[in-house]
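The values are calculated or read from the model by the stated rules, or taken from the named source; none is laboratory data. As the structure is a prediction and not an experimental result, all values here were calculated from the model. Glycine gets a Cβ as well: all are built from the backbone with ideal geometry, and neighbour counts include every protein chain shown. Heavy atoms of the whole protein, side chains included, go into the accessibility calculation; ligands, DNA and RNA do not. Shrake-Rupley method; radii C 1.70, N 1.55, O 1.52, S 1.80 Å.
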Amino acid sequence: MTKKFDSKVAMITGAGSGIGRETAIAFADAGVQVLVTDVNSTAGEETCKMIRDTGGTAEFTFIDVTKSVSVEAAVQRAVELYGGLDFALNIAGLGSPSDPYNEESWDQVMEVNLNGVFLCMKHEIAQMLKQEGGAIVNMASVAGYRGLVVTHPAYVASKHGVVGLTKWAGAKYAAQGLRVNSVSPGAVRTSLMEKSIEADPSREAAYAAKQPIGRLAKPQEIAEAVLWLCSDSATFVTGTNLAVDGGWTAT
C-alpha cells in the first residue's frame, strides 16, 4: 500500500493484542515508525515481530499506564528511538469484571482505563507541545455513550471519563496544533471476545443483534478509524468521539 505517513512516529499502548495490535500493524503498514508498548512484554515483542516480518519499523517498550514514571519513560523512548512523537494511541484497558459492587475491581478498572489515559495524555501532550503538533486518539467504548447495565459500573464510568478527557484536551490544545479525539467501538471480535463466546455461544448473536450492521467488528476496522483520525484527511477534527459501532448508538 501507499505509505501515507513516512517518517512519522507513533506510540501505542496496549499494543500486545486485540485492537492495540491491529492498530500498531495498520500504522506500520502506512509507513509509521511504531513504538509498541504493553504491560505484557512477550505479547508486545510478538507484535513487533509481526510488523518487522512485513517490512515495518517497530520497537517494544514495557509500560504500566498506571505509573506516571513508566509512561514518561515510554514517551522519552519514542523520542530517543525516532526523534519525536507524532501520534499517540491510548488503547490499553481492562474489560468489565462480573461483580458490580466489588470495590477492588472498581479501583483496578478506573486506574487503568481512566487514570491511565490521563497519565498518557499528560506526557504525550508535553512532548507534542515541544514539537508544536501531534495527534492523540483515546480508546473509549459504546459504554462511553450509554449506561450499559450488562457491564461493570467502573467500565461505564471510565469510558465516559475518557470521552470527557478527550473533549477537554481537544478544545484546550486545538490552537497549539494538537488534535485529540477518541474512538468508541461496539462489539469487536478480539481474543477476549472469542473467549467470551466460547464460554457462551449465544453471546455472539446477542452482541450482533445490538449492532444494526448485524455482525461483530473486526479489530482492523477499529484500527482504520484510528488511522483516519491521525491522517491529513481529519485535520479539522478534534475533541470528538467517533462511534465505530455498526450503528449501535444510532438506535
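Taking the conditions exactly as written (part of a loop (DSSP other than H, G, I, E, B) and either open to solvent by 60 Å² or more (accessible area, probe 1.4 Å) or under 30 Å from Leu129 (Cα atoms) (or both)), does Arg203 satisfy them or not?
no
What number of residues in region 1-59 are assigned to a loop (DSSP other than H, G, I, E, B), farther than 16 Å from Ala223 by Cβ and at pLDDT 95 or above?
Of the residues in that region, 3 qualify.
Quick check: is even one residue across region 14-29 under 17 Å from the mean Cα position of the chain (by Cα), of a type in the set (Phe, Trp, Tyr) and open to solvent by less than 40 Å² (accessible area, probe 1.4 Å)?
Scanning region 14-29, I find at least one residue that is under 17 Å from the mean Cα position of the chain (by Cα), of a type in the set (Phe, Trp, Tyr) and open to solvent by less than 40 Å² (accessible area, probe 1.4 Å), so the answer is yes.
Mind listing just one residue for me: the one in region 160-188 that is of a type in the set (S, T, N, Q) and not in a strand (DSSP E or B) and, of those, surrounded by the most Cβ atoms within 10 Å (Cβ to Cβ)?
Applying the filter and picking the extreme gives Thr166.
So the check is Cβ under 9 Å with 6+ separation or different chains; which pairs have a first residue in region 206-230 that's free of Cβ contacts under 8 Å to residues at least 40 places away in the same chain and open to solvent by less than 90 Å² (accessible area, probe 1.4 Å) and a second one that's among the β-branched types (Val, Ile, Thr) and in a loop (DSSP other than H, G, I, E, B)?
Qualifying pairs under 9 Å: Gln211/Thr251; Pro212/Thr251.
Given the criterion under 18 Å from Phe27 (Cα atoms) and either without any contact (Cβ under 8 Å) to a residue 12 or more places away in the chain or in contact with a Gly (Cβ under 9 Å, 6 or more places away or on another chain) (or both), identify the matching residue among Asn241, Asn181, Asn138.
None of the others qualify; the one that does is Asn181.
For region 127-159: of the residues being open to solvent by 30 Å² or more (accessible area, probe 1.4 Å) and under 19 Å from Gly239 (Cα atoms), which is farthest from the chain's Cα centre (by Cα)?
Across region 127-159, the extreme among qualifying residues is Glu132.
Applying the selection to region 60-111, what residues are of a type in the set (D, E, K, R) and either in a loop (DSSP other than H, G, I, E, B) or in contact with a helix residue (DSSP H, G or I) (Cβ under 6 Å, 6 or more places away or on another chain) (or both)?
Asp64, Lys67, Glu72, Asp86, Asp99
For Met193, indicate whether it is touching a Phe, Trp or Tyr at 6+ places or on another chain (Cβ under 9 Å), outside any loop (DSSP other than H, G, I, E, B), free of Cβ contacts under 8 Å to residues at least 60 places away in the same chain and closer than 19 Å to Ser231 by Cβ.
When the stated conditions are applied, Met193 does not pass them.
Does Lys210 meet the test of being within 21 Å of the chain's Cα centre (by Cα) and farther than 20 Å from Ala10 by Cβ?
no
Looking at (1) open to solvent by 40 Å² or more (accessible area, probe 1.4 Å); (2) in a loop (DSSP other than H, G, I, E, B); (3) in contact with a Pro (Cβ under 9 Å, 6 or more places away or on another chain), find the lone condition where Gly246 falls short.
(1)
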